[in-house]
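To start, the structure under review is shown below, and the notes come after it.
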Amino acid sequence: QNHNSSEIKRIYDLMQVSYDYFIKTTDKAHQASVQAIFDKLHQQGDIYLGRYQGLYSVAEEAYISEKDLVDGKTFNGETPILITEKTYFFKLSKYQSKLLDYLESNPDLIKPKTQRKELLNLLKEPLDDLSISRTSFKWGIPVSFEQKHVIYVWIDALSNYLTGLGYHPNETSQQFLHYWPCDLHVIGKDILRFHLIYWPILLMALKIKLPKQFLIHPWILFDKNKMSKSKGNVLYVDDLLKIFSVDTIRYFVLHEIPYANDGNITYELLAERHNSDLVL
């Protein structure tokens with residue numbers, strides 16, 4: 001994780017992206033808060049121990065339904081593996097109707113509206129309770145009352161939106177009280193389920209207000225194709241900056257990437273936009 005976080009920081013510096021606090025889920029304060037969140041959910045009956053068998057995607061870090069597979073593969077071409085293990089489950093089903101009611105009473109919560117429609121379609125079907133612990137590996141934050149279980153990524157990672165502001169369920173953080181709820185939560189469309197179902201339900205269970213609005217941004221395609229390392233069509237910041245300035249790249253993204261649809265980028269399009277709009 002240290003290598004990954006260092007690489008992200010390096011890219012941010014190259015692109016002149018500033019931030020107030022770079023959060024890592026290995027921070028001790030975050031780990032203590034996540035354990036307390038898990039304990040709270042368990043104590044109020046939102047978590048229960050069960051056994052799960054399912055097809056698991058390593059790339060997406062999630063269980064996959066068979067109906068979402070094409071020729072036995074996920075949308076990114078991965079073949080999921082069959083896993084059986086004891087796990088703690090989070091009762092998504094308990095909060096499904098509450099989430100639906102909230103969406104209906106807040107029609108502008110999610111932009112663009114096409115993503116709101118997609119979410120409502122997902123919620124037409126009963127939600128399966130979410131597996132939120134693992135016994136098959138040891139890396140991660142242990143469940144405080146059952147050390148064999150490691151708290152899984154979605155409770156761990158989603159909570160850092162809260163813990164980054166000092167949130168702890170048993171303590172008061174003035175910083176959290178001052179800044180939460182956030183005005184806008186920007187996410188990518190490929191993580192819609194996790195951020196518009198699991199995340200709001202987690203907040204509801206913790207009795208915390210939801211963000212005031214979610215903006216779901218589209219994909220950036222390379223030559224009209226989804227970027228993939230296996231296809232060799234990934235654009236890297238280091239390569240772009242050998243030719244174009246940070247301002248040119250930013251201008252292109254703002255100008256060319258539609259609000260509600262995927263955008264397209266190539267070196268040729270970047271050069272064309274730079275020469276037509278930015279060269280004096």
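What to note about this one:
- Cα gyration tensor category, rounded, prolate or oblate, for the range 4-141 with a/c compared to 1.5: rounded
- Stretchable slack from Ile11 to Asn106, in nm (0.36 nm times residue separation minus alpha-carbon distance): 30.6 nm
- Remark on Ser173: its backbone amide H falls under 5 Å from those of His168, a criterion applied only to residues 5 or more positions apart or on other chains, H modelled at 1.01 Å from N.
- Loop sites in the range 193-280: chymotrypsin sites (Phe, Trp or Tyr not before Pro), DSSP, at most 16 other Cβ within 10 Å: Trp219, Tyr236, Tyr259
- Contour minus Cα-Cα distance for Lys209 and Asn4 (0.36 nm per residue): 70.7 nm
- Of the trypsin sites (Lys or Arg not before Pro) found in the range 191-220, the ones in coil according to DSSP and having at most 16 other Cβ atoms within 10 Å of their Cβ are Lys207, Lys209, Lys212.
- The stretch between Phe75 and Asp238 holds 55.9 nm of extra length on full extension. This uses 0.36 nm per residue minus the Cα-Cα distance.
- Amide hydrogen neighbours beyond the local backbone of Ile64, cut-off 5 Å, H modeled: Leu55, Tyr56, Ser57
- Highest to lowest packing among 156-166, 173-183, scored as the average C-beta count within 10 Å: 156-166, 173-183
- Candidate lysines for bridging to Lys40, where Cα separation is under 29 Å - those fewer than 8 sequence places away on the same chain excluded: Lys24, Lys28, Lys86, Lys91, Lys94, Lys98, Lys124, Lys138, Lys148, Lys207, Lys209, Lys212
- Using the Cβ-Cβ distance between Leu280 and Phe145 with R0 set to 45 Å, the FRET efficiency works out to roughly 0.10.
- Gyration tensor verdict on the range 221-278 (Cα atoms; rounded if a/c is under 1.5, prolate if a/b is larger than b/c, oblate otherwise): oblate
- Under 24 Å from Lys229, Cα to Cα: lysines that are on another chain or at least 8 residues apart: Lys9, Lys73, Lys189, Lys242
- In terms of its C-alpha gyration tensor, the range 1-72 comes out oblate, because a/c is 1.5 or above while a/b does not outweigh b/c.
- Distant-in-sequence amide H partners of Trp219 (H built 1.01 Å from N, under 5 Å): Asp262, Gly263
Each reported figure results from applying straightforward, stated rules to the coordinates on display, with no laboratory input. From a predicted model like this one, the values you see are computed outputs, not experimental measurements. With ideal geometry, Cβ positions are generated from the backbone for all residues, glycine too; neighbour counts draw on all protein chains shown.
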